[in-house]
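Each value in this text was obtained by applying a stated rule to the coordinates, not by laboratory testing. The structure presented is a predicted model; accordingly, all values stated were derived computationally and were not measured. Methodologically, a virtual Cβ is constructed for each residue, glycine included, from the backbone with ideal geometry; neighbour enumeration extends over all protein chains shown.
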Amino acid sequence: MHPIHVIENTSIETILTFIEEEITKYQTKYAVLSFEENIGNASGKRIVEVIKKHFDIFVILKSAIPDHQRHIEEYFSYGVHGIYFDDHPNHYSKENIEIMTFATELFPRGWVFANTRNSEEMIEELLGLNILPILMKEDAKLVNFIKSHEKFNKISRNSIKSVPLLDQEQTEYSLTDKIKMKMLLETFNLRQKLMIKSIDASFNSSGL
């Protein structure tokens, strides 16, 4: 599925129509959203809520690595199921790693993604952080390297099928796949509702 970049004047009808067309064309079970900087917390929440109301799909937020952990909590409070850090660094700084590691503690295991420069060294680093590496360009050899890596199976065996950001060829779903994903989606949504209430309460008490 092509990422959806939401700007301030993008209507919810446009977003829903785009997702419906992509689902029909690619038979996908996920959507990737990115928000313009001026899209506020309330608007982000509303958009994700409406998408989840209309479609039984996983919603991934595509974002640069923020400069503070608080922003990760804000992104989680939107109701997205995972986060995709779309930076293209030559290496991840200590600050980057701290922020991404915090995301792995908040989001379900296997649902934090980050770009690599198709570097095995960077791939190894991300897998060591429980982050699924995303390739900048297609490379079957590196896809196999990632899939066969011992850390990959420990991070997640489900997300590659549910959200094939790593291997775009994985777009066919059996009935068993669909049932498993439906159960996984319901589990995620329930977990999120409980955690978002806690985060919102924290924001309110701190005046954010």
Self-check item: Spin-label pair residue 2/residue 196, simplified geometry with 7 Å Cα→Cβ offset, distance in nm
Solution: 2.8 nm
Self-check item: Principal axis dimensions, segment 1-54 - Cα atoms, whole angstrom, descending
Solution: 31, 20, 16
Quiz item: When the helices in the chain are scored as -39500 (n - 2.57) per DSSP H run of 4 or longer and the sum is shared across all residues, what 222 nm value do you end up with, to the nearest 500 deg cm²/dmol?
Solution: -16500 deg cm²/dmol
Quiz item: Considering only 79, 64, 194, whose Cα is most displaced toward the positive end of the charge dipole of segment 4-206, charges sitting on Cβ of Lys, Arg (+1) and Asp, Glu (-1)?
Solution: 194
Quiz item: Based on the Cβ-Cβ distance of residue 17 and residue 41, what FRET efficiency does E = 1/(1 + (r/R0)^6) give at R0 = 25 Å, to the nearest 0.05?
Solution: 0.55
Quiz prompt | Computed FRET value (nearest 0.05) for residue 24 with residue 69, which takes r as the C-beta separation and R₀ as 45 Å | solution = 0.75
Exercise. May I ask for the percentage of alpha-carbon pairs in the chain that lie more than 20 Å from each other?
Key: 57 percent
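Please go through segment 76-128 and write out the trypsin sites (Lys or Arg not before Pro) that DSSP classes as loop and that have at most 16 other C-beta atoms within 10 Å.
For trypsin sites (Lys or Arg not before Pro) across segment 76-128 that sit outside H, G, I, E and B with at most 16 neighbouring Cβ atoms in 10 Å, the list reads 109, 117.
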Quiz item: Size of the dipole of the chain about the Cα centre, Lys and Arg at +1 and Asp and Glu at -1 on the beta carbon, nothing else charged, in debye to 20?
Solution: 820 debye
Practice problem: Starting from the Cα of residue 145, move 7 Å in the Cα-to-Cβ direction to define the label point; list residues of segment 82-126 whose amide nitrogen is under 14 Å from there. | Solution: 116-126
Quiz item: Say the cut-off is 31 Å between C-alpha atoms; which of 45/151; 137/193; 45/147; 154/178; 25/52; 53/147 go over it?
Solution: 45/151; 137/193; 45/147; 53/147
Exercise. Run down the aspartates and glutamates and flag those whose C-alpha is under 13 Å from the C-alpha of residue 197, throwing out any fewer than 8 positions away in its chain.
Key: 73, 74
Quiz item: Which value does Rg/Rh take for segment 1-113 over its C-alpha atoms, Rh per Kirkwood?
Solution: 0.97
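Select from segment 11-58 those GluC sites (Glu not before Pro) which occupy a DSSP coil region and have at most 13 other Cβ atoms within 10 Å, ordered by residue number.
On the way: sites: 13, 20, 21, 22, 36, 37, 49; in loops: 36, 37.
Listed in order of number, the matching sites are 36, 37.
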Self-check item: Whole-number percent relative contact order across the chain, with pairs defined as alpha carbons under 8 Å at least 6 apart
Solution: 16 percent
